[in-house]
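Input: a single structure, listed below in structure tokens.
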Amino acid sequence: MQIIVCLKQVPDTTEVRINPETNTLMREGVASVINPFDMYAIEEALRIKESLGEGEVTVLSMGPPQAEASLREALSMGADKAVLLSDRAFAGADSLATAYTLAAGVAKLGEFGLVICGKQAIDGDTAQVGPSLAEQLDVPHATYVRKVQSLEDNKIVVERMTEDGYEVIELALPALITVLKDINQPRLPSLKGKMRAKKAEIPVWGKEDLDVDEKLCGLAGSPTQVVKIFTPERTRECRLIEGSAEEQAKVLASELKKII
Amino acid sequence: MGGIKVDLDLCTGCSVCADHCPFGAIEVKDDKAVITDICTICGACIDSCSFGALSREAEEAASPVPDSSGVWVFAEQIGGAIAPVVYELLGEARKLAESTGSEVGAVLFGSSMQDAANDLIAHGADRVYLLDDANFADYHDELYAAALADLIQEEKPEIMLLGATTIGRSLAPRVAARVGTGLTADCTGLAVNPETGLLEQTRPAFGGNIMATIICPRHRPQMATVRPKVFQAAPKDPARKGEIVNLKSPEVALRSRLLERVREQAENVNLDEADIIVAGGRGLADEKGFKLLSELAEALGGAVGASRAAVDAGWISYPHQVGQTGKTVSPKLYIACGISGAIQHLAGMQSAETIVAINKNPDAPIFQVAHYGIVGDVFEVIPALIRELK
Amino acid sequence: MEYFLTEEQQMIKELAARIADERIKPVAAELDEKGEFPWDLMKVLAESDLFGVWLPEEYGGLGGGVLEQVLVVEELSRACSGVAVSYAASGLGSYPILLFGSEEQKQKYLPDVASGAKLAAFGLTEANAGSDAGAIETTAVLDGDHYVLNGTKQWITNGGEAEIYTVIAMTDKSKGSRGASAFIVEKGTPGFSFGKKEDKMGIRASATRELIFEDCRIPKENLLGREGMGFIVAMRTLDMTRPGIGAQAVGIAQGALDVALAYARERKQFGQPIASFQAVGHMLADMATEIEAARALVYAVARTIDSGAKDFSKESAMAKVFASDVAMRVTTDAVQILGGYGYMKEYPVEKMMRDAKITQIYEGTNQIQRNVISLELIKQAARKR
């Protein structure tokens, strides 16, 4: 069974800082990493393959040529194959156009049993590409998966986290799931994996290689447009409460009582 | 295709735009700005350029915008109870409807939901599209997506709002893809631009460090999921009148099914709906620290949250985690105890109305977002606070 | 500084650094407090192929040498040298097999060491034979197809956790150090047991135990090399591994400098960061300079060994002595820079100071190392005449 993991290369937000004077993001020297949620997706795919004792894990990304580095990292963790979807025509895509292009990539990869995505990307935070991709692939999906209970007889049973607990959902394969941090701890790459990944060929598929309508890709295919980006006001003044613990608690309690 | 254009005569190569680009998509080569492929055409650079060298390229001839009318709300229910965010959506939908001169519609799927439908009318819906069917009692991605997409294609609303809940964020992208329209996630601001008539949807990105305003100019409906607890709930007016339209169940070949729905006993874990959250981090030292925190939460009637450090240390379970890899919350009151305030944590809670920070280290970044700060030992301050509250 | 590492060495260093930062740092304080052997982390190191970096490819390794091992030990020590020494001791315990083992012995034991499936340990020290390795009391007597071991080894790193032990015992007491021989002993051999785990000042994550041999019968073919070679086996092994202790010291010192520097930039007194006070700035400058010098020496010695040099006891001792003395000074200064906070267990530098101390003591005290260095100097001068 082919398991496809979709991953996105994102700026490492642990390193993003706000310039207090201009109130803008300082990105200088910020490294690019695999979207953290996608790491769980890769790990889960590898675990499923290991437990099945057969199959192939393919990692798929849409992005600029530099995104190849993230695919290589996934290979060094143990993924079997990587494909990059990259073309100027794919740039500026919103979640619908991204899912459209990814769906075309998945179609070209051939038969698959499962697509795994991270819950969301930490730069855009939309959490929309997963379900949108499922729709465009015409397969069932489950979001917020915190555990895969079983995978057999062409069915997968997963636990999906809800606001007040969880649901157990059975999906007929092929299907798509998006996973949470809770599901596993991603492995580190191995040295042998890194050496293999360094040599691996990563095909780059552009619009000519995929069965796509250019008008539905990238910016042209994106119904939504960003019209403005701004930094939220940060004029917050912190009122420090002084004194002994008892005194501090007394003042805070009286302030809290005003609010609640 | 539209994009950002650099006027080479005006560009001085000062690289201010490159610094302002949230996506790192601008490079300066040979003293001129170059827009690279990762540009999302967000326009942040245009405002940053003092020389007017950057502009949006003209769009191709716009295709006609489909006819549509009405501001709709998806009335999510769990176990027959309407989710609180729905009333907030209705409140916001009324304002939008008034500014566009249209009606508010509510879409309700469930079983034996007649009373709930009337309740939606009392809270501002002019028309409730009700699908009352035992198969729809519990949320089901495929069933709900099919029914909602069919209805949208039939009735053509102009605006469709859903709560940015577990259900809303699963259902909305599937429906948007099926009807082929745009969708904006997790909005915290909505307004209709009086000139263009377009819905301007504002949402945080990069963990709340920047805000983006998004439009959906040529596709309908303009769809958005909206973060709970951001907008005021609509007031109830039992005298309000409205129409209930009964819908038929769609024919769908299902490929998934719900086997079980489990509510976890822990009452203090529903962070999304909590008005008060008391959260703990590394400074709580161990599980016992969280016991103390639970007492404080109980005294305040709030839920318990945690930083990633505390969850990773195994002191509390993952559903309590607030921040980038956990939940994003906007309660009325957030009390951060022994949390230093890493940027990923701030991303999940800085939109709280009032933030209180208790931390030993006066230089902890959490104090930069806090309204009230106590520099002190959590193990002294919390017990004293519990005594004061009692 | 630029050390002209190969792409492969760079990869090894980066992976070890990542494990140190992501997996070891978050648990270092807890491991120290509880004194628990870090099996989880050993598994992580095994899965990442790091146990085999210094072993030849034919035994499942990556074909590197002392430098590769040094890079790993240094990076791991930045986060926790207790974990690093558990890793390094497996190398110490298996070097005798690589250097003196028969092809059969190598094939039998080294692949499991390379994969990390089994840990190794080295048993030389005894209660009355520390620096004076000639005073070993453990005996091995040939009885038919077996050697019978009796005696007790003390303070053996990885003792009780390792599966494979290389042990030095006397086969002919009358010959003094030339009557010692080296053996491979597997955990689980009847008559082979362990003493209680020692409660140590530092490197508390590592396991240190006695190895107790009571009429322990091991197959004759577990002899390494020939009878009487034990002392040479031990000395040659330690020559190979002393740069590892140097690397451990460099790592500890670097970790301490990192913490001290970050603290000095953040901590404000009299309205400015303490890093801007010259008194503190100069301390940081000295710390950084000494660390870089120690690192340069450790790497240079490791490269000397890997290049096939024949005699490097002096250089190997220099790397160990210099780096460990640097680590002691740097960690002490780091505690000083953090002031009262530095003295508290909440901050990692007091642990680093405790951890640094052992690097001046084990695998030959720094006093013995200086003997080795001065003796070699005199010998070499004599040869020139």
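Summarising the amide proton neighbourhood of A:His141: residues at separation of 5 or more, or on other chains, whose placed amide H is nearer than 5 Å comprise A:Leu176. Pairs exceeding a 30 Å alpha-carbon distance, out of C:Lys187/C:Lys345; B:Lys288/C:Lys200; C:Lys25/C:Lys200; C:Lys34/C:Lys118; C:Lys187/C:Lys314: C:Lys187/C:Lys345; C:Lys187/C:Lys314.
Counting only other chain Cβ atoms within 10 Å of each residue's Cβ, the peptide B:29-42 averages 4.
Bridgeable lysines around B:Lys248 (alpha carbons under 23 Å apart, same-chain partners fewer than 8 residues away excluded): B:Lys156.
Mean-square fluctuations from a GNM of chain C, with a 10 angstrom spring cutoff on Cα atoms, peak among C:Ala127, C:Ala327, C:Ala260 at C:Ala127. Quick one: among A:Leu109, A:Leu191, A:Leu173, which has the greatest mean-square fluctuation in a GNM of chain A with alpha-carbon springs under 10 angstrom? Sorting by GNM fluctuation, first place goes to A:Leu191.
The packing ranking of peptides B:374-384, C:232-242, highest mean first, is C:232-242, B:374-384, where packing means the average number of other beta carbon atoms within 10 angstrom of each residue.
Rounded to whole numbers, the Karplus 3J(HN,Hα) couplings from phi for the range A:44-53 are 5, 4, 5, 5, 4, 4, 5, 6, 6, x Hz, using 6.51 cos²θ - 1.76 cosθ + 1.60 with θ = phi - 60°, and x at Gly and Pro.
Sequence-distant contacts, meaning Cα pairs under 8 Å at least 6 residues apart, place the relative contact order of chain B at 12 percent.
Bridges between two residues of chain A, per DSSP, are antiparallel at a rate of about 45%.
For chain C, modelled as a GNM with alpha-carbon contacts under 10 angstrom, which of C:Ala129, C:Ala140, C:Ala169 fluctuates the most? Maximum fluctuation in the GNM of chain C, among the listed residues, is at C:Ala129.
Find the relative contact order for the range B:71-246 and round it to a whole percent, using C-alpha pairs within less than 8 Å whose residues are 6+ positions apart.
With pairs under 8 Å counted, the relative contact order is 29 percent.
Mean per-residue shielding of peptide A:183-192 is 5, counting Cβ atoms of other chains within 10 Å of each Cβ.
Which whole-number percent gives the relative contact order of chain C, counting Cα pairs below 8 Å spaced six or more residues apart? Worked out over chain C, it gives 17 percent. The label-point distance for A:Lys192 and A:Cys238, in a model that sets each label 7 Å from Cα toward Cβ, rounds to 5.0 nm. At an R0 of 51 angstrom, the distance between the Cβ atoms of B:Lys332 and C:Leu375 translates into a FRET efficiency of 0.10. 3J(HN,Hα) along the range C:19-26: 4, 4, 6, 8, 10, 8, 3, x Hz, from the Karplus curve 6.51 cos²θ - 1.76 cosθ + 1.60 with θ = phi - 60°, whole Hz, x for Gly and Pro. Placing pseudo-labels 7 Å out from each Cα toward the beta carbon at B:Lys291 and C:Asn128 gives an inter-label distance of 5.3 nm.
Less than 13 Å Cβ to Cβ from C:Glu186, Lys/Arg counted +1 and Asp/Glu -1: what total charge do the surrounding residues give? Net charge in that neighbourhood comes out at +1. Listed by chain and number, the lysines whose C-alpha is less than 28 Å from the C-alpha of B:Lys5, apart from same-chain residues fewer than 8 away, are A:Lys8, A:Lys207, A:Lys215, A:Lys228, B:Lys29, B:Lys32. What the Cβ-Cβ distance of C:Lys25 and A:Glu56 gives, at R0 = 35 Å and to the nearest 0.05, is a FRET efficiency of 0.50. Across peptide B:368-375, the mean count of Cβ atoms from other chains lying within 10 Å of each residue's own Cβ comes to 6. Remark: spin-label model distance C:Ala300-B:Val65 equals 7.4 nm, labels positioned 7 Å along the Cα→Cβ axis. For B:Val73, the residues 5 or more places off, or on other chains, whose built amide H falls under 5 Å of its own are B:Gly105, B:Ala106, B:Val107, B:Leu161. The H on the amide N of B:Glu200, modeled in the peptide plane, is under 5 Å from the matching H of B:Ala191, B:Val192, B:Asn193, each at least 5 residues off or on a different chain. Between the beta carbons of B:Thr12 and A:Val204, assuming R0 = 30 Å, the FRET efficiency works out to 0.30 to the nearest 0.05. Cross-link partners of C:Lys220 among aspartates and glutamates, defined as those whose alpha carbon lies under 17 angstrom from its own and excluding same-chain residues fewer than eight positions apart: C:Glu103, C:Glu104, C:Asp143, C:Asp145, C:Asp172, C:Glu186.
Coupling constants for the range B:336-343 follow from the phi torsions by the Karplus curve (6.51 cos²θ - 1.76 cosθ + 1.60, θ = phi - 60°), and in residue order they are 9, 10, x, 10, 6, x, 4, 4 Hz; glycine and proline get x.
Each reported figure results from applying straightforward, stated rules to the coordinates on display, with no laboratory input. Since this is a predicted model, take the numbers as computed values, not measurements. We place every Cβ from the backbone using ideal geometry, glycine too, and count neighbours over all the protein chains shown.
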